[in-house]
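All of the numbers you see were taken from the coordinates with simple rules; none came from a lab. All of these numbers come straight from a predicted model, not from anything done at the bench. Ideal geometry is used to build each Cβ from the backbone, glycine not excepted, and the neighbour counts take in all protein chains shown.
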Ligand SMILES: [Zn+2]
């Protein structure tokens, strides 16, 4: 028994984190969310070069396709390899056969020049016709002028903004710092510590596994009037699993919750990347509906068709050699770990 759906959309991903698994332990055990950023992600992103970014994106895109995810909304940072990084990610995804919406996460963590170069990478990529959003890391790592400049650049380019909002308690001031800047086309990742009543416009991106992994709390996205979509925040791109986690987390605070809201959040992804509706994923299970999938493990795609081309057959990518991608990504991970 098989069923066909459109391609799944991962509405918040960090393809650069695909090489992080197995990385050397940080010098000090991270005991808070800020320390998780400082000890793990901000050391990792600073060590990336374009070749590592390429194979990290190839691996992340391959793993997405293998889970029936044909569109990724990516949020990238590599402070020592900014220029051209979004092209590298877009090329890698195109090579595998996965759609990607790129953004470079602007931040003042590396000074005003770092922020300027980040903005410029967004401008360069989108102006040249790249499918992208203007990225901002988060309000707690940006000066007010940088937030305003990024919002203005997005308006100028006719693009949205992709930003982390109130993921941890460190970013609790986000709604004040973003007052008057947000628009409906903005994407607001996490919003765990965002008050239920707020004035931010845009789609909220809920990342259940990441929020659990970082112990930041439960976003409880059902409380918001904004649209809600599902992401992974860089831990793979298995969106059926993300739906299942979103459902069970919702259930953990409300025993009357049904799988329907979490399924609706999954479907919001198609509003963000409408092309994915035309992709065809044939699954190992039938029916692909919320009440079945909430309680059915191990459902996997057998075939994926994009723009009339079979890009996954019998569960294996057709455009690239999966073993080669994994081997090359493994070599780059070794280089990355040596730098760490
Ligand atoms: Zn994120």
Report summary line: All alpha-carbon distances of segment 232-340, grouped into 5 Å bins from 0, give the whole-percent distribution 2, 10, 14, 18, 19, 13, 11, 8, 4, 1
Query raised in the report: So for 224, 295, 337, 125, fewest C-beta neighbours within 10 Å to most, what's the order?
Result: 295, 337, 224, 125
Requested in this report: Quick one: compute the contact order of the chain, relative version, from alpha carbon pairs under 8 angstrom and 6+ residues apart, as a percent.
Outcome: 23
Query raised in the report: Using a Gaussian network model of the chain with C-alpha springs under 10 Å, which one of 222, 316, 31 is most mobile by mean-square fluctuation?
Result: 31
Query raised in the report: When a footprinting reagent is the concern and you count Cβ atoms within 10 Å, what order do 200, 302 take, fewest first?
Result: 302, 200
Query raised in the report: Could you give the Stokes-Einstein D for segment 3-339 in µm² per second, using the C-alpha Kirkwood radius, 10 °C, 1.306 mPa s?
Result: 80
Query raised in the report: Using the alpha-carbon centroid of each, what span in Å lies between segment 289-336 and segment 255-288?
Result: 18
Report task. Grab the eigenvalues of the alpha-carbon gyration tensor for segment 57-161, scale each by 5, take roots, and send me the semi-axes largest first in whole angstrom. Result -> 25, 14, 12
Report task. Just report the Cα centroid separation between segment 194-218 and segment 48-90, whole Å. Result -> 23
Report task. Just subtract the alpha-carbon distance of residue 310 and residue 28 from 0.36 nm times their residue separation and send over the number in nm, one decimal. Result -> 96.9 nm
Report task. Just need the relative contact order of segment 236-325 here, percent rounded to a whole number, with Cα pairs under 8 Å and 6+ apart. Result -> 21
Report summary line: With Cα springs under 10 Å, the Gaussian network model of the chain assigns the largest mean-square fluctuation among 27, 297, 227 to 27
Query raised in the report: Using bins 5 angstrom wide from zero, how does P(r) for segment 1-108 break down, in % of all Cα pairs?
Result: 2, 12, 22, 22, 17, 13, 7, 3, 2, 1, 0
Query raised in the report: Order of 292, 12, 190 from fewest to most other C-beta atoms within 10 Å?
Result: 292, 12, 190
Report task. Of the DSSP beta bridges with both residues in segment 3-339, give the percent that are antiparallel, rounding to the nearest 5. Result -> 35
